[in-house]
Amino acid sequence: MGSGVGGGGGGNKYGSLNLTDLPQDCIATVISFTSPRDACRLSLVSTTFKSASESDAVWESFLPSDHQASIPSSLSFSSKKELYLSLCENHVLIDGGRK
């Protein structure tokens with residue numbers, strides 16, 4: 001019997017699939033369809049998953065589509081993950097303080 005998608009023993013006529021062999025941007029795309037919690041958990045799987053889950057593409061998907069218009073220009077962040085975590089901790093009032 002094969003060991004599933006993670007790779008490992010066994011095999012079939014198509015060979016085994018090791019998810020860490022996928023390009024990092026493919027892994028990041030898959031992770032972007034999860035949740036921030038799952039992205040953090042997946043970063044513990046391997047160095048490839050860690051790099052993918054830390055990418056701006058993943059964290060951009062967790063932010064509102066209009067986030068750039070809502071963030072004051074005085075705030076600066078080194079990554080989309082840092083921005084996301086900052087917004088979770090320090091809410092930004094928008095729309096004249098009504099939202």
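The values are calculated or read from the model by the stated rules, or taken from the named source; none is laboratory data. All values reported here derive from a predicted model rather than from experimental measurement. Cβ: placed from backbone, ideal geometry, glycine included. Neighbour counts: every protein chain shown. SASA here: full protein model, heavy atoms, side chains in, ligands and nucleic acids out. Shrake-Rupley method; radii C 1.70, N 1.55, O 1.52, S 1.80 Å.
See the values below:
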| read-out | value |
| --- | --- |
| Filter result (touching a residue at least 24 places away in the same chain (Cβ under 8 Å) and in a helix (DSSP H, G or I)) within the range 39-55 | Thr48, Phe49, Ser51, Ala52, Ser53 |
| Selection count, the range 56-91, where residues are part of a loop (DSSP other than H, G, I, E, B) and open to solvent by less than 70 Å² (accessible area, probe 1.4 Å) | 5 |
| Residues of the range 31-41 that turn out to be open to solvent by 50 Å² or more (accessible area, probe 1.4 Å) and not acidic (Asp, Glu), as a count | 5 |
